[in-house]
Every structure is written in structure tokens, then in C-alpha cells.
Amino acid sequence: MPADPFASSSNRRAIKWRLRRASRAATELGARNHFDLLIADRGLPDGDGLDLLPIIKQYSPLLGIALSGYGMPCDLQSTAKAGYASHLVKPVRFPELRQVLEALIPQVNSAALRQMRQ
């Protein structure tokens, strides 16, 4: 596995991540594993990344960040409608991604606690 790019994060939370380059592979991985967060590109070779979050949410209560080359209001609305917590326009700079991740971590922790109580 590549070095953890978040290792120096101020929250020091351990982050494990998996990379899949296609919708089908990501869906299969999501069905077999628990995840707290999905970062999905809209432009996948076998589908729209927006479709991933509702599918994988069937297996894990997770939050999502959508990546797209488009940032018009209609793009942001479709991302929100699909259930994504954030929409980042490419090219995404690492400080911007880190800021979004750090803002979502409390929500991710809350979702994990809710699941544990069920």
C-alpha cells in the first residue's frame, strides 16, 4: 500500500484507504468491507461516480466526497441530491481535500457510533 498521505494530519486519526478505478470494482469492494467515507470521481470508465454512494450506503453508513471537473450550480445540486457531503472541482489541491476531510471526520465518527448502537 502507498504511504499514507494523511499521516501528518493534526487529528492523528488512522486512515486506511483502498483505491478502485471503476464503479463495478468499487461496488464489489464496498459490499465486502465497511467504509466510513467514499471519495468518488464523477468520470469513471464504467459509470457515473454519483451512483456509487447510494449503492455502497446499502452496506455501510458512509459519507461521500464527489470529485468533478465541473462546478456549476446544477453539478453541485446533483452531487447533493445523490447524498454527497461535499463536491470538489478538479484539479483538487491536497490542502483543500484535507480541509474537507477534517471537517467531515466528526460526522464520520458520529455515523460510526450510530451504527455501533444499532
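The values are calculated or read from the model by the stated rules, or taken from the named source; none is laboratory data. From a predicted model like this one, the values you see are computed outputs, not experimental measurements. Note that each Cβ is placed from the backbone with ideal geometry, even for glycine, and that neighbours are counted across all protein chains shown.
I'm checking my understanding of the structure. Among residues of segment 56-75 that are over 13 Å from the mean Cα position of the chain (by Cα) and not hydroxyl-bearing (Ser, Thr, Tyr), which one is surrounded by the most Cβ atoms within 10 Å (Cβ to Cβ)?
So, considering only residues that are over 13 Å from the mean Cα position of the chain (by Cα) and not hydroxyl-bearing (Ser, Thr, Tyr), the one surrounded by the most Cβ atoms within 10 Å (Cβ to Cβ) is ASP75.
Give the residue that is surrounded by the fewest Cβ atoms within 10 Å (Cβ to Cβ), with candidates limited to residues of segment 76-89 that are free of Cβ contacts under 8 Å to residues at least 24 places away in the same chain and under 22 Å from PRO45 (Cβ atoms).
VAL89
This table checks each residue for (1) aromatic (Phe, Trp, Tyr); (2) in a loop (DSSP other than H, G, I, E, B); (3) modelled with pLDDT under 95.
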{"site": "HIS34", "(1), (2), (3)": "no, yes, yes"}
{"site": "LEU50", "(1), (2), (3)": "no, no, yes"}
{"site": "TYR59", "(1), (2), (3)": "yes, yes, yes"}
{"site": "ILE65", "(1), (2), (3)": "no, no, no"}
{"site": "LEU76", "(1), (2), (3)": "no, no, no"}
{"site": "ALA80", "(1), (2), (3)": "no, no, no"}
{"site": "TYR84", "(1), (2), (3)": "yes, yes, no"}
{"site": "LEU88", "(1), (2), (3)": "no, no, no"}
{"site": "PRO91", "(1), (2), (3)": "no, yes, no"}
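Considering only segment 18-41, how many residues are closer than 10 Å to SER60 by Cα and crowded, with 18+ Cβ neighbours inside 10 Å?
Residues meeting the conditions: 4.
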